Amino acid sequence: MQRTSLRMVGWLAGWLICVAAIAQPVKLGVDVLREGGFEALRGKRVGLVAHPASRDSRFVGTVQILDETEVCELVALFGPEHGVYGDEYAGDKIADRGDPRTGLPAYSLYGANRKPTAAMLEGLDALVFDLQDIGARSYTYISTMRACMEACAEAGVEFVVLDRPNPLGGERIEGGFVEEGFESFISHVAVPYVHGMTMGELAQLVRDKYTPGFEKLTVIEMSGWERGMSWEDTGLRWVMTSPHIPNAKACAYYVATGIVGELFTVSIGVGYTQPFELFGAPGIDGERLAEGLKNVWDSPDKYYRGPRDGVLEDLRQSRPPAGLTFRPVWFKPFYSRFKGEVCQGVQVYIDLDKDVNLVEVNYKLAQALGGEFIFGDGGRDRSFDIATGTNKARLLLMSGSPLDGLFADWRRQSEAFRKDREKYLLYPSR
């Protein structure tokens, strides 16, 4: 009986190990670093760039992992936008502070400085970078990565990137490059709006483009990640990368509505329970907008001309891609744009298994309302242009001109980038 019980326990343990391996095929860079005995950091004084999602596959924080190992000495923390613990609003400037858990200094890279200063890096042998990105150029973490690498190159400090999956996968590339005159901290790396690269892969691109000759970059690669993987395929659980990215699917919706949301003439659900999934404002007829969006895609066909006239113009029929659906909604934001006001509009449904160009959704939503409404008084036109990377889209929308030519140009740029990036790729296609 005892032997049978032991055999059962052994079989059960083996089965659980197999299930865990199947359920979680991907090991993060931080997991690989630890399993390798922290060899890349042995005997070094290190700083760590971290945020709430800087955790291993079992949710143990990278701060804790590096603070507890005796292989290296963690001596400073660095926080990007939203801070080390994610307790700051988007765009808010953050001051340097002391870290309450470790007692270490926690330097802000989203306040008086976007780039580590020489004083911050003094005494460090290596700066470790472990931020989960969402795969979009305007999300500031890849800009922070470039700034950190440049600082390390200037100070002669090693730069170690702990790699993580791109939640949009490694194959999706969308949008165009940023044109001269529209550069900013949401476009600090020269890639299309959706780039299909991991942070480690981008680090190699950044080194070549911005710190040529820098030989102190180390990328700790993931194990088991493949380019065609969705987030669900990885077996990993999502940790919020910022307050309005509560789950992995929000990364795709951020790409689909975040650019048009820069205008603040509409709510995109930020301030409600479905950030980036909604598109609406007071005075809009949601039923008409949903109907109009069924017929405004490859070329303007039937489209909603905005709340001022509420007319559907009947031109040649066209349909959105099969992976897009628009449902009429009413909602009242709890905070942010139109706080406490009843809005009508649409909820956007995206099927990522279908052929949907997420970036282009922003401009089709804007087109459906019409330039006069969507651009309002022009107070945030520049924000829209900077997020887009050009003013061409806005000028076309304001004049009521087709977007087809611009979209075709962006697709050409994306495909050219697909070839150019090949030398930086670390992981195979599925």
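Restricting attention to the range 347-370 and to residues that are in a loop (DSSP other than H, G, I, E, B) and of a type in the set (A, V, I, L, M, F, W, C), the residue that is surrounded by the most Cβ atoms within 10 Å (Cβ to Cβ) turns out to be Val356. Considered as a group, the residues in the range 272-324 that are crowded, with 18+ Cβ neighbours inside 10 Å and small (Gly, Ala, Ser) include one that is modelled with the lowest pLDDT, and that residue is Gly306. Looking for something surrounded by fewer than 22 Cβ atoms within 10 Å (Cβ to Cβ) and either outside the structural domain of Pro165 (by TED's automatic domain parsing) or part of a helix (DSSP H, G or I) (or both) - is there at least one such residue anywhere in the range 186-195? Within the range 186-195, none of the residues are surrounded by fewer than 22 Cβ atoms within 10 Å (Cβ to Cβ) and either outside the structural domain of Pro165 (by TED's automatic domain parsing) or part of a helix (DSSP H, G or I) (or both).
It is to be established whether one or more residues within the range 172-195 are more than 22 Å from Ile386 (Cα to Cα) and either in contact with a Lys or Arg (Cβ under 7 Å, 6 or more places away or on another chain) or not β-branched (Val, Ile, Thr) (or both). No: the range 172-195 contains no residue that is more than 22 Å from Ile386 (Cα to Cα) and either in contact with a Lys or Arg (Cβ under 7 Å, 6 or more places away or on another chain) or not β-branched (Val, Ile, Thr) (or both).
The one condition from (1) over 23 Å from Thr140 (Cα atoms); (2) in a helix (DSSP H, G or I); (3) not basic (Lys, Arg) that Ser401 does not meet is (2). As a summary of the residue check, Arg394 satisfies the conditions (1) touching a helix residue (DSSP H, G or I) at 6+ places or on another chain (Cβ under 7 Å); (2) loosely packed, with under 14 Cβ neighbours inside 10 Å except for the one numbered (2). Could you tell me whether Gly86 is within 18 Å of the chain's Cα centre (by Cα) and either loosely packed, with under 15 Cβ neighbours inside 10 Å or in the same structural domain as Met197 (by TED's automatic domain parsing) (or both)? So Gly86 fits the description; yes.
Residues are listed down the side, and each one gets a yes or a no for (1) surrounded by fewer than 19 Cβ atoms within 10 Å (Cβ to Cβ); (2) assigned to a loop (DSSP other than H, G, I, E, B); (3) small (Gly, Ala, Ser):
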residue: Cys148; (1), (2), (3): no, no, no
residue: Glu154; (1), (2), (3): yes, no, no
residue: Val161; (1), (2), (3): no, no, no
residue: Leu168; (1), (2), (3): no, yes, no
residue: Glu171; (1), (2), (3): yes, yes, no
residue: Ser184; (1), (2), (3): yes, yes, yes
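Search the range 414-430 for residues that are farther than 21 Å from Asn357 by Cβ and pair each with any residue that is small (Gly, Ala, Ser) when their beta-carbon atoms are under 7 Å apart and the residues are at least 6 apart or on different chains. Partner pairs satisfying both residue conditions: Leu426/Gly200; Tyr427/Gly170. Residues in the range 379-391 that are farther than 16 Å from Val361 by Cα, part of a helix (DSSP H, G or I) and in contact (Cβ under 8 Å) with a residue 24 or more places away in the chain: Asp381, Ser383, Ile386.
One line per residue, one yes/no per condition, for (1) touching a Phe, Trp or Tyr at 6+ places or on another chain (Cβ under 8 Å); (2) among the β-branched types (Val, Ile, Thr):
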{"residue": "Thr390", "(1), (2)": "yes, yes"}
{"residue": "Leu397", "(1), (2)": "yes, no"}
{"residue": "Ala408", "(1), (2)": "no, no"}
{"residue": "Asp420", "(1), (2)": "no, no"}
{"residue": "Pro428", "(1), (2)": "no, no"}
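Selection of the range 32-52 for residues being among the small types (Gly, Ala, Ser) and buried (at least 20 other Cβ atoms within 10 Å of the Cβ) yields Ala40, Gly47, Ala50. Taking the criterion of being more than 20 Å from Ala53 (Cβ to Cβ), over 14 Å from the mean Cα position of the chain (by Cα) and touching a residue at least 24 places away in the same chain (Cβ under 8 Å), the residues of the range 189-207 that qualify are Gln204, Leu205, Val206, Arg207.
The values are calculated or read from the model by the stated rules, or taken from the named source; none is laboratory data. These figures come from a predicted structure and were not determined experimentally. So basically every Cβ, Gly included, is an ideal-geometry build from the backbone, and we count neighbours across all protein chains shown.
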